[in-house]
Amino acid sequence: MEKQNHSMVSEFILLGLTESRELQILFFLFFSIIYTSIVLGNLMIIFVVKMDHQLHSPMYFLLANLSFIDMPLASFATPKMLNNLIREYYSISYEGCMTQMFFLHLLGGSEMMLLVAMAVDRYIAICKPLHYKTIMNNCVCTGLILLSWTTGLVHTMSQMVFTVTLPFCGPNVLDSFFCDLPRVIKLACTDMYILELLVIADSGLLSLFCFIILFISYSLILITVQHRSSRGSSKALSTLSAHITVVVLFFGPCVFIYVWPFNSVSIDKILSVFYTIFTPLLNPIIYTFRNKDMKSALRKIKTTYMSSRSTF
């Protein structure tokens, strides 16, 4: 009987962003453009970093990996959401729901640790410039990437190992546009108090740990920059402001969704859209249009491309 209870729910109903058909069509067009921009923007960053030898440095290596994470982070739920917006029946299979939650926490945890790695890279570059090339060598950069993915894997497995064994035998309606762990476990046919505390503690501890390291790193950088020349300070502050902006955009929604005791569905939906769609879009914008080296590399590639076309 218990096995039957576990298998009773074969799909979950997603209520989506709105019930208005006109808004659904508008959202479909809007988010289709946004999603296309996310994929093209992050692919562009990876391509430019790969092609321009002047960008073969630890900072841009980490930036390219951030773009590599942002694309699947925007893809784990957005294509399904777009598909549901043009249908009358919004559903996702049990397996699809579990897969969404797995990749959400895998990619989210990996990006948190990668942002920490980028902060440490900037700390060493600005505070210990003479030792930068020695410390941030290829082995260290590769190790930081592996650490990021390992952190994300441990983070998601520590929660999903309990979630996949839960009995879902009753309600299956989620007031969201994707499967989110705090909402899904509330539908289980058992007492979820301990697991809810585990989810909050797991996500909260990881977020708090990463935030503390980021806060310490950027505080030390700001103190160091204040004692530098005005020219060096302006360049460092420009790079630093881009990193801090990305950190705030990424950690802000995470804190409110997974740690802060908010019960408002509308607020959660807005933050979920921001966290899964707009942050992966803003990253390439912030790092490309605010970065002189990236803009110079783009102009160089464009000039080379135009020259090669003119020869034919």
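The values are calculated or read from the model by the stated rules, or taken from the named source; none is laboratory data. Not measured: the values here are computed from a predicted model. Every residue, glycine among them, receives a Cβ derived from its backbone with ideal geometry; neighbour counts consider all protein chains shown. All accessible areas refer to the heavy atoms of the entire protein, side chains included, with ligands and DNA or RNA removed. Shrake-Rupley method; radii C 1.70, N 1.55, O 1.52, S 1.80 Å.
Local charge for Trp149 was computed over the other residues whose Cβ lies under 15 Å away, with Lys and Arg +1 and Asp and Glu -1, and equals -2.
By the equivalent-ellipsoid construction on the alpha carbon gyration tensor, region 42-128 comes out with semi-axes of 34, 16, 8 Å, ordered largest to smallest. Solvent-accessible surface (1.4 Å probe) assigned to Glu22 amounts to roughly 130 Å². Largest accessible area first, the listed residues Ile213, Ile286 line up as Ile213, Ile286 when surface is computed with a 1.4 Å probe on the assembled protein chains. Kirkwood analysis of the Cα pair distances in region 1-160 returns a hydrodynamic radius of 18.4 Å. Of Ala119, Ala74, Ala242, the residue with the greatest mean-square motion in the GNM of the chain, using alpha carbon springs below 10 Å, is Ala242. Here Tyr94 sits with roughly 40 square angstrom of accessible surface, probe radius 1.4 Å. Subtracting the Cα-Cα distance of Ile34 and Met157 from 0.36 nm times their residue separation leaves 41.3 nm of extension gain. Given a 1.4 Å probe and the protein chains as shown, His155 ends up with an accessible area of around 20 Å². Sequence-ordered 3J(HN,Hα) estimates for region 174-179 from the Karplus curve with 6.51, -1.76 and 1.60 and θ = phi - 60° stand at 10, 7, 7, 9, 7, 7 Hz, glycine and proline given as x. Applying the Karplus relation 6.51 cos²θ - 1.76 cosθ + 1.60 with θ = phi - 60° to region 126-132 yields 3J(HN,Hα) values of 8, 8, 9, x, 5, 9, 4 Hz, where x marks Gly and Pro. Working from Cα pairs under 8 Å separated by at least six residues, relative contact order for the chain is 26 percent. When Leu298, Leu181 are compared by accessible surface with a 1.4 Å probe, the order from highest to lowest is Leu298, Leu181. Give the cross-link partners of Lys300 among the aspartates and glutamates, using a straight C-alpha distance below 12 Å as the criterion and excluding same-chain residues fewer than 8 apart. Cα-Cα hits under 12 Å: Asp52. Using alpha carbons only, the radius of gyration of the chain set against its Kirkwood radius gives Rg/Rh = 1.02. For the pairs Lys133/Lys292; Lys128/Lys302; Lys50/Lys128; Lys80/Lys186; Lys133/Lys302, flag any whose C-alpha to C-alpha distance is greater than 28 Å. Result: Lys128/Lys302; Lys133/Lys302 exceed 28 Å. Taking Leu174, Leu29, Leu214 in turn, the Gaussian network model of the chain (Cα-Cα springs below 10 Å) assigns the largest fluctuation to Leu29.
Here is how the number arises for the chain: DSSP H runs of 4 or more residues each give -39500 (n - 2.57), the sum is divided by the residue count, and the result at 222 nm is -25000 deg cm²/dmol. Among Ile45, Ile126, Ile270, the residue with the largest mean-square fluctuation in a Gaussian network model of the chain, with springs joining Cα atoms closer than 10 Å, is Ile270. The loop-placed trypsin sites (Lys or Arg not before Pro) in region 21-94, going by DSSP, that have at most 16 neighbouring Cβ atoms within 10 Å of their Cβ come out as Arg87.
Full extension of the chain between Thr304 and Leu146 yields a length gain of 53.4 nm, computed as 0.36 nm times the residue separation minus the alpha carbon distance. Sorting Leu106, Leu43, Leu130 by accessible area puts them as Leu130, Leu43, Leu106; the probe is 1.4 Å, largest comes first, and only protein heavy atoms count.
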